[in-house]
Amino acid sequence: MENPLNQISEINNAKEQLPAVYEPVTEEFLEKYKAPLDTLRGNFKSRGGIHLATVDDYHIIFKVPSQRAYSMIRKRAEKLEPFEADMLLLGENLLYPRIEVVQAWIESGAFGLVSVFALEIVKATKATQEATVKKI
């Protein structure tokens with residue numbers, strides 16, 4: 001098993017290779033940034049993978065939180081307003097773009113995106129949880 005510190009370093013390095021200035025996630029983007037995206041895919045493969053969510057011209061790439069991480073975020077979110085809770089969930093799982101880009105979208109009037117993207121993270125989390133069925 002890989003050293004967790006090396007894995008964190010690998011993830012951070014891959015994120016740094018993605019553009020700081022927002023670019024929509026197109027086929028060209030996926031090809032241009034194939035190497036860092038492959039690194040992210042590899043690191044999150046066994047934990048639900050990475051996903052692309054799109055709303056109009058806005059795109060995000062996010063990881064699926066583990067059940068433990070999701071539970072911790074939900075617990076912290078209980079004390080927050082709904083928008084703040086959605087922002088927390090998004091911020092904890094966002095791989096691209098940087099959170100500052102999302103904040104700029106909010107400031108330009110697209111604040112509803114946060115809740116839509118947070119809902120997509122929740123859906124992906126539920127879709128990757130395994131169920132155990134046992135005949136009784």
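The values are calculated or read from the model by the stated rules, or taken from the named source; none is laboratory data. Keep in mind that this is a model prediction, so the values were computed, not measured. Glycine also receives a Cβ, built like all others from the backbone with ideal geometry; neighbour counts cover every protein chain displayed. Surface areas here come from the heavy atoms of the whole protein model, side chains and all, with no ligands, DNA or RNA. Shrake-Rupley method; radii C 1.70, N 1.55, O 1.52, S 1.80 Å.
Listing for the model above:
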read-out: Residue in segment 68-80 that is under 29 Å from Ser108 (Cα atoms), hydroxyl-bearing (Ser, Thr, Tyr) and in contact with a Ser or Thr (Cβ under 7 Å, 6 or more places away or on another chain) present; value: yes
read-out: Selected residue (only one of Arg74, Arg41, Arg68 is part of a helix (DSSP H, G or I) and under 15 Å from the mean Cα position of the chain (by Cα)); value: Arg41
read-out: Test for Glu31: is it in a helix (DSSP H, G or I) and at pLDDT 95 or above; value: yes
read-out: Tally of residues being open to solvent by 30 Å² or more (accessible area, probe 1.4 Å) and among the aromatic types (Phe, Trp, Tyr) across segment 32-77; value: 2
read-out: Subset tally (residues that are of a type outside the set (D, E, K, R) and either modelled with pLDDT of 95 or more or assigned to a helix (DSSP H, G or I) (or both)) for segment 109-136; value: 14
read-out: Qualifying residues in segment 1-20 (those that are touching a residue at least 24 places away in the same chain (Cβ under 8 Å) and among the aliphatic types (A, V, I, L, M)) - the one surrounded by the fewest Cβ atoms within 10 Å (Cβ to Cβ); value: Ala20
read-out: Cross-chain or 6+ apart pairs with Cβ under 8 Å, segment 35-57 first and in contact (Cβ under 8 Å) with a residue 12 or more places away in the chain and among the polar types (S, T, N, Q), then part of a helix (DSSP H, G or I) and surrounded by 12 or more Cβ atoms within 10 Å (Cβ to Cβ); value: Thr39/Glu10; Thr39/Ile11; Thr39/Ala14; Asn43/Gln7; Asn43/Glu10; Asn43/Ile11; Asn43/Ala14
read-out: Residue satisfying all of: in segment 78-99; in contact with a Leu (Cβ under 7 Å, 6 or more places away or on another chain) and either under 18 Å from Arg47 (Cβ atoms) or surrounded by fewer than 16 Cβ atoms within 10 Å (Cβ to Cβ) (or both); modelled with the lowest pLDDT among these; value: Leu80
read-out: Among (1) part of a helix (DSSP H, G or I); (2) open to solvent by 50 Å² or more (accessible area, probe 1.4 Å), the one test that Val102 misses; value: (2)
